[in-house]
1. Where Lys and Arg each count +1 and Asp and Glu each count -1, what net charge lies around Thr250 among other residues with Cβ under 13 Å from its Cβ?
2. Once you put a point 7 Å from the Cα of Ala277 and another 7 Å from the Cα of Glu13, both along the Cβ direction, what distance in nm separates them?
3. By how many nm would the segment from Phe309 to Phe4 grow when fully extended, if each residue of separation counts as 0.36 nm and the alpha-carbon distance is taken off?
4. Any idea what the relative contact order of the chain is, in percent, if you count C-alpha pairs under 8 Å spaced at least 6 apart?
5. Exposure proxy check: Asp236, Asp242, Asp88 ranked by fewest other beta carbons within 10 Å?
6. Give me Cys229, Cys71 ranked fewest to most by other Cβ atoms within 10 Å of their Cβ, as a rough exposure proxy.
7. Under a 10 Å cutoff between Cα atoms, tell me which one of Ala246, Ala56, Ala146 has the largest fluctuation in the Gaussian network model of the chain.
8. Hey, fewest Cβ within 10 Å first, where do Leu14, Leu268, Leu78 land in order?
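Values in this text are rule-based calculations from the coordinates and carry no lab data. Since the structure is predicted, the reported quantities are computational estimates derived from the model, not experimental observations. Neighbour counts are summed over all protein chains in view; Cβ atoms, including those assigned to glycine, are modelled from backbone coordinates with ideal geometry.
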Amino acid sequence: MAHFLEFEKPLAELEGQIEELRRLSDNGDLNIADEVGKLEDKVDRQLRQTYGKLSAWQKVQVARHPARPKCGDYVSGLITEFVSLAGDRLYAEDNALVAGMGRYHGRPVIVLGQEKGNDTESRIHHNFGMARPEGYRKAQRLMELANRFDMPILSFVDTSGAYPGVGAEERGQSEAIARAIQASLGLQVPFVSVIIGEGGSGGAVAIATANTVLMMEHAVYSVISPEGCASILWRDGDRAQDAAEALKITAQDLAELKLIDGIVPEPLGGAHRDPAAAVAAVDAALNAALVAMDGIDGPALQAQRREKFLNLGSAGLA
């Protein structure tokens, strides 16, 4: 059964009518092709109208859509011969953070990503995409492996943030994130990151300190969730919508602020309506970003990445 967001109610009604007509047609000799065609045209117009003017809060809802393609969908769709690598060699395996190696368009790559899961069981298994310190230490281990064997890194970011539990804090959550960022800045291989859903705080930055940072058209990327921001600023979580607007968290906002390097277009109505098309769009953007770095030596890649992040925000201060 399709999941419709609150602002998609007119679409839900139209698509419900289409399903009902098709059901009636299956039960008899009714010819409903013309009527279905008219309704499908209405759905297309409604989608264009709705998704052409989404608010920041509506984009947050789209980025969190349960049917939106997850990290695993992009890995299975884009990476061949993928081999998952587990553990941080210090404490434990973290299933929230996918890590491994494979081939992308024939070239060996290291893959990192946060996996939220698609149903209750998988969401619990992956801790809803919220990594613990061992996840970020695993990412650091894979970054060092990439550097040693001269393998580009691809990362797929989708997390509300690093796991805030007591155990995670006791095991050095902030230190693990900082070390992962430090490792990213020291890499001498191409590094491309795509925010495919939510990019939440340091938990996202830890695997997104890349030469090229891309965002899906309806993804969000922020220092804090709108709900968390509203709770801190106004002591009222219900003002999350106001916080989303103030935070400038959309891909369009961040491109204007020069905090990301490009926007990956989504299928009409969001990636959840056509996951295969979303994966294909990410494929084209990832490949273009990697090809653009072909022939650039390691020290130059490292210098470009460090300079990029040191200069973030400087345009707004000029």
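1. Spelling it out: positives minus negatives among the neighbours equals -3.
2. 2.4
3. Fully extending the segment from Phe309 to Phe4 adds 106.0 nm.
4. 16
5. Fewest-to-most Cβ neighbours within 10 Å comes out as Asp236, Asp242, Asp88.
6. Ranking Cys229, Cys71 by Cβ neighbours within 10 Å, fewest first, gives Cys229, Cys71.
7. Per the Cα network of the chain with a 10 Å cutoff, Ala246 tops the list.
8. Ordered by Cβ neighbours within 10 Å, fewest first: Leu268, Leu14, Leu78.
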